[in-house]
Amino acid sequence: MSGAWATQALAVTAEMRLADHLAGGMSTEELAATVGADRRGLHRLMRYLASLGVLRTVGDRFELTEVGQLLRSDQANSMRVLASLYGGPFYESFAALGRAVRTGEDSFTHIFGQHHFDFFAERPELEFNQAMAVSTAALQRVTEVVEFTGARVVVDVGGGNGELLKHILAAHPHLRGVLFDRPDTLASAKANMVRYLSRCDLVPGDFTSRVPAGGDMYVLSRVLHDWDDQRCAEILKRCAESMSATAELLVIERLLSESNSASLAAAWDIHMLCNVGGEERTVDHYRSLLADAGLQLRHQHQLPLEFELLRATKSVENQVESTPPTSI
């Protein structure tokens, strides 16, 4: 019941950038003077953070634990922005979970007056795309379970700031990449992809309307769970239209259990309900969506953090192709 306490404590820590200041350790008095906070109030917060394992006390000073280091802005896999989001906009949307349950409509749009993606597109200072890139580190095993040597071009559909595609290109120097996403997203992706721009095209567009043709591998990483079945059907249809008979589609998602057993997917399904109006799905649900788009699920691989990699190709009856759309 008290999980909200920890969420807000971490969000305040992120907002005030306390971990950045505590990189070398500080007393409460020193930190209060540095960040302009009430000494007593700050001490009470830091004491609670110590009880959570974020800080530890050494004499009269507080230092970061290994967990606390993750809240520093200069860490490669910093979770500072995530902490801010979960204690900020997402916290407010979860407060209206009851409304989402009663209406079936996402509470984020009700509270903020905009769909989730439009809201963050207009507020780059909230660093949403950077936050989403943090968990992409868990997906780097894709290069271990998928053989890319026979491919030439990988198209990352809705690939955000390009973190996953960047890892794939780094592991396979012979590949070219296409990062396909909204124009506002690509604006932030350019700096992240700067080392690979010589062999990666940043292509703006709407994946419900079209997907670039000419790829040997297409990637939908944590995209489909953002949308309802109708929109997913549109996205998969666009991918299928652009795929050759030999191309492969890689779908990365968490999967719900048919038995309703405990899983991260069950928790994320509630997050989808509140924040985007999408949903997590079972493997059979995805198999059905793929089939409706003329695609067949061929293989399934486990990834860290309960992610699953679903590999699909065109169904045999759909491999007699008309002239494909304009290539990349």
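I need the full set of residues from segment 57-95 which are in contact with a Leu (Cβ under 8 Å, 6 or more places away or on another chain) and farther than 19 Å from residue 15 by Cβ, in order please.
63, 65, 77, listed by residue number.
For segment 168-215, which positions are among the polar types (S, T, N, Q) and more than 16 Å from residue 118 (Cα to Cα)?
192, 198, 209 - these are the residues of segment 168-215 that are among the polar types (S, T, N, Q) and more than 16 Å from residue 118 (Cα to Cα).
Hey, which of the helices (runs of 4 or more DSSP H) in segment 131-235, taking only ones fully inside, have at least 1 residues that are in contact (Cβ under 8 Å) with a residue 40 or more places away in the chain, among the hydroxyl-bearing types (Ser, Thr, Tyr) and crowded, with 18+ Cβ neighbours inside 10 Å? Even if it seems obvious, please write down each step before you answer.
Details: elements: 142-145, 163-171, 183-192.
Because the criterion is at least 1 residues that are in contact (Cβ under 8 Å) with a residue 40 or more places away in the chain, among the hydroxyl-bearing types (Ser, Thr, Tyr) and crowded, with 18+ Cβ neighbours inside 10 Å, the helices (runs of 4 or more DSSP H) in segment 131-235 that meet it are 183-192.
Name the residues in segment 76-86 that are of a type outside the set (A, V, I, L, M) and surrounded by 15 or more Cβ atoms within 10 Å (Cβ to Cβ), would you?
78, 80, 84, 86
What are the residues in segment 264-277 that are surrounded by 16 or more Cβ atoms within 10 Å (Cβ to Cβ) and in contact with a Lys or Arg (Cβ under 8 Å, 6 or more places away or on another chain), if any?
Across segment 264-277, the qualifying residues are 265, 268.
Checking residue 156 against (1) acidic (Asp, Glu); (2) more than 20 Å from the chain's Cα centre (by Cα); (3) under 25 Å from residue 234 (Cβ atoms), only one condition comes out false. Which one?
It fails just one condition, (2).
Conditions: (1) of a type in the set (A, V, I, L, M, F, W, C); (2) in a helix (DSSP H, G or I); (3) touching a residue at least 60 places away in the same chain (Cβ under 8 Å). Residue 71 meets all but one. Number of the miss?
Here residue 71 clears every test but (2).
Looking only at segment 6-24, which residues are modelled with pLDDT of 95 or more and not hydrophobic (A, V, I, L, M, F, W, C)?
Passing the criteria: 7, 8, 13, 15, 17, 20, 21.
Those residues that are at pLDDT 95 or above, in a loop (DSSP other than H, G, I, E, B) and exposed (fewer than 14 other Cβ atoms within 10 Å of the Cβ), I need them from segment 45-68; list them, please.
53
In segment 282-307, what residues are over 19 Å from residue 238 (Cβ atoms) and crowded, with 20+ Cβ neighbours inside 10 Å?
Listed by number, the list holds a single entry, 307.
Do the conditions hold for residue 253, that is, is it of a type in the set (D, E, K, R), within 21 Å of residue 135 (Cβ to Cβ), modelled with pLDDT of 95 or more and in the same structural domain as residue 291 (by the TED database)?
When the stated conditions are applied, residue 253 passes them.
If you go through segment 126-147 one residue at a time, do you hit one that is over 27 Å from residue 306 (Cβ atoms) and among the hydrophobic types (A, V, I, L, M, F, W, C)? Can you show your working first?
Residues of segment 126-147 over 27 Å from residue 306 (Cβ atoms): none.
Looking for residues that are over 27 Å from residue 306 (Cβ atoms) and among the hydrophobic types (A, V, I, L, M, F, W, C), one finds none in segment 126-147, hence no.
The values are calculated or read from the model by the stated rules, or taken from the named source; none is laboratory data. Nothing here was measured: the structure is a model prediction, and the numbers come from that model. Glycine also receives a Cβ, built like all others from the backbone with ideal geometry; neighbour counts cover every protein chain displayed.
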